[in-house]
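Take a look at the structure set out below.
Read-outs throughout are calculated quantities, based only on the coordinates presented, and are distinct from any laboratory measurement. Computed from a predicted structure; not experimentally measured. Please note: Cβ atoms are built from the backbone with ideal geometry, for glycine as well, and neighbour counts cover all protein chains shown.
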Amino acid sequence: MRIAVMTLAVVCLLSGCGDDSSGRAPTQPTPVIPTVSEWTLAGRVTATISGEPVAGATIAATDVTATTDGAGRFELKRPLAPVSPLEVTVSAGGYLSRETQAIHPRATPLVVDIIAERTPFDLSFYRALVRNGFESPDELTATHRWTRNATFYLKTVDDTGRSLEPEVLARLQQEIPRAFSEWTSGRYRATLEIGAEDRPEVEGLVRVNFTRDPDFEHCAQATVGGNYGWITFRLDYCGCGSLRIDPRTMWHEVGHTAGFWHVRGDFVMDKYFEGGCTAFPAITAPEQYHARVAYERPFGNIDPDQDPVWFHMLRAGEAPPVVTCGGRR
Ligand SMILES: [Zn+2]
């Protein structure tokens, strides 16, 4: 009863009820009635790489949902602002569902891109190249891409103290910057340093070493992704005439450095490559496209397309895994 009385009193205060029997309109201003939604977040859903709008996509963001219009736009509405980042899931027919986070308040609209499951995208190739799905299909890895520019340090003496042939050094200086730029879709640069001494492991540095060990029956060994790492080339094993490392092997190892795994077939990252005298190597169109998709995702994104919590603050820091490349010819 008390609540009812108080409510009536409030209503009277707002609407000006009383004993005015003159029939005139009340003099107080009409109160502003709060709308149901007071917090909004506008955004767009686009297709990864092409940037085309995705119409009819569903955005589920913690406890609110919205659907995109023909231009891919949506607006999330809520009575009050959420107290933490929104857990966002975007799904649409013919696209991989993406799970990500949205921080707020924000100065710009929220734009979420999702991957179209159609040519040129191939999920099984993507899983092989980006998640080690060819060699380890039951344990797909997170994206392990770089998040900064790299310095490649070429050690000019091999593990026996013998100097590296000038021709090999010159070719590596030519190929590594091109290969790193292509594998990272032009996002990051590789600069080169050379020297005879060992260098400690530091962030941003890729140490390139050379061996002539006859027991090392592979073209090379390398770390996969992760803002620092190393490559060890076996000289004279996957060479090309007087050039003791095949240029294609150089591109293959830089592909590992950039965060990519072995695939099967006529690709630079083919697991069973045996060197060869490729004069002007370049990553193939499927490798280029899928590498670009991977670099459109944050470090730590997991299969099929789930960004890690706090991805906007994560950096590639953990020790990268190691792969061994190319067998006996
Ligand atoms: Zn390899």
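Key figures for this structure:
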| read-out | value |
| --- | --- |
| Burial ranking of peptide ranges 53-63, 218-228 (average Cβ count within 10 Å, highest at the top) | 218-228, 53-63 |
| Nitroxide proxy distance, nm - points 7 Å out along Cα→Cβ at Thr58 and Glu117 | 1.5 nm |
| Residues of the range 86-103 with amide N under 12 Å of a point placed 7 Å along Cα→Cβ from Val309 | 87 |
| For Gly70, net neighbour charge (Lys/Arg +1, Asp/Glu -1) across residues whose Cβ lies under 13 Å away | 0 |
| Dipole moment magnitude, nearest 20 debye, the range 39-118 about Cα centre, only Lys, Arg, Asp, Glu C-beta charged | 160 debye |
